[in-house]
1. How long is the gain from residue 313 to residue 109 if the chain were fully straight, where each residue apart is worth 0.36 nm and the alpha carbon distance is subtracted?
2. Using the Cβ atoms and a cut-off under 13 Å, what net charge is assigned to the surroundings of residue 378, where Lys and Arg are +1 and Asp and Glu are -1?
3. Note down the net charge around residue 397, summing +1 for each Lys or Arg and -1 for each Asp or Glu among other residues with Cβ under 11 Å from its Cβ.
4. Could you go through the range 465-476 in sequence order and give the Karplus-derived ³J(HN,Hα) for each residue, using 6.51 cos²θ - 1.76 cosθ + 1.60 with θ = phi - 60°, rounded to whole Hz, and x for Gly and Pro?
5. How far is helix 164-173 tilted off the main Cα axis of the chain, in degrees rounded to 10, range 0 to 90?
6. Taking the Cα centre of the chain as origin, work out the dipole magnitude from +1 charges on Lys and Arg Cβ and -1 charges on Asp and Glu Cβ, in debye rounded to 20.
7. Eigenvalues of the Cα gyration tensor times 5, then square-rooted: what semi-axes does that give for the range 345-436, in whole angstrom, largest first?
8. What does the charge count around residue 27 come to, taking other residues whose C-beta lies under 15 Å from its C-beta (Lys +1, Arg +1, Asp -1, Glu -1)?
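Only the coordinates and a few stated rules stand behind these numbers; no lab work does. Because the structure is a prediction, the values reported are computed rather than measured. Cβ placement follows ideal geometry from the backbone for every residue including glycine, while neighbour counts extend to all protein chains displayed.
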Amino acid sequence: MSENLREQLILLPAYFQGHLLLTLAAITMGILISVPMGVWAEQSPRVKRPLLAVVSIIQTFPSLAILALVVALLGGRIGFLPAFIALTLYSMLPIVRNTVTGLESVSGSVIEAAKGIGMSPNQILREVKLPLAMPVIVAGIRTAMVWTVGLATLSTLVGATSFGNYIFTGLQTRNLVAVTVGSLASAGLAVGLDGLVASIQWLLEERNEATDSSRLKKIRMSIYGAIAIVISIALYGLIPQPRADFVIAGKPFTEQYIMAGLLAEELEEAGFSVEQRLGLGSAVVYEAIRNGTVDLYVEYTGTVWANFMGRESNPGREGIKRGVTEFLEEQNVITLGFTGFQNRYALAMRRDRAAELGVTSIEDLVPFAAELSAGSDLEFFGRTEWLRLRDLYKMDFGDKLTFDVSLMYTAVAERQVDVISAYTTDGRVAAYDLLLLDDPRNALLAYDAMFLASKNAAQQPEFLRAIDSFIDSIPDAAMRQANRLVDVDGESISVAIEYLRSEMAKN
């Protein structure tokens, strides 16, 4: 067994337990809400149409948008709760719809016969309609179960533990073993839970069968045992666990994973227990640091300036630093200091393609832009930097595509796009022989990396002493090489962390 695979399998129990608990909790709540709603809709034509329209509309919302909205409504809270609420909402449509369809499919003659023997409406519902509709209702539950298992992988983006931890980390660090393990585990869980629901349906349908077959008894006992094991694993996650001394967060790209791991190691060596929440979006992690759900993470001045302050100007590197520091003080977010490196946006091209066009700066790119295709990460073309760059240079690209960061570099290297919005500390810039274009009109912002801490963490002297050694200790070149070790050379995050430690020790 390879070392990489062994590392991933060590993480499997925790990720499995988190994914299972989240899925079962959401499905259980979805059933408790959706089946009564479906019964109500079937019995009240005035309710049916608007109810089905509402649950259908919820289903059309992008899953990431639902997660983001729930986090915002919870005041920036991250972790299990927002993921649970979002998945519950997503599980409702197939259950509600199948409940209505199943009840409506019960033959009218059967209902008339039940009335004829004196059964009340409630008795008809309990004893006739629901049992006959049960196969259709269970089919909706099985559909919702499979959907929920798949969508639960996205809960990683709001700080909940799931198999998504494998997938998102693996995609960003080009670790195909992690992606494969996460994907297979998620698929296996979906198949297993679907089979378990089918088995429960079989038990319900066979409960009145008068048979003493030892084989059937063994099957029943096996199903009961499987149900007990699954429920036990899920309930184990509800047992209160000792809270970590500090929660360290990171955004969904390699540099953030490395820095979060580096900080976690340092705090653990200082005697603290640490929990890492990785793969969070910028807005999510910023709100989490403000409300104290997260204690420490690495942020960038340009992100705060443009996204959270809403500024469209560019006063230069030092001006942005000063403005951001003053703003964060007003927001009860503590700035512990800067890392020493800057990871800003820069337009980049293959060196041979740039030479072919005679381009060394964005200014040179202007005459060709309308005929070129550009790729960016998921944010760049929606940020104020792009709007300012477009307006200052009076240019726009003929085609603009968005990619996951890891795919963006592959796209320019394979000539699928001509230009990308590269990161200046990304090791793939040198590995793919990309040219970073000069920005003579100062359109793009400075992005100095800094340590942001919660108010509670910043009040603890031991915490501050542990972080102090990182202040202004990591130059651009060191961070670029650490990123390259993971993104290009295929090394693990731990190898990149050790490299940074060795570089810091030299200073």
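1. Details: separation 204, 0.36 × 204 = 73.44 nm, distance 7.35 nm.
Additional length available on full extension: 66.1 nm.
2. Details: positive: 251, 383, 400; negative: 377, 379, 404.
So the surrounding residues net to 0.
3. Working: positive: 390, 400; negative: 371, 396, 399, 418.
Here the count lands on -2.
4. 5, 5, 7, 4, 5, 8, 5, 6, 10, 10, x, 3
5. 30 degrees
6. Working: 42 positive and 54 negative charges, 412 e Å.
My answer is approximately 1980 debye.
7. On the way: eigenvalues 63, 50, 27 Å².
Its equivalent ellipsoid spans semi-axes of 18, 16, 12 Å.
8. Values: positive: 142; negative: 194.
Value of the local net charge: 0.
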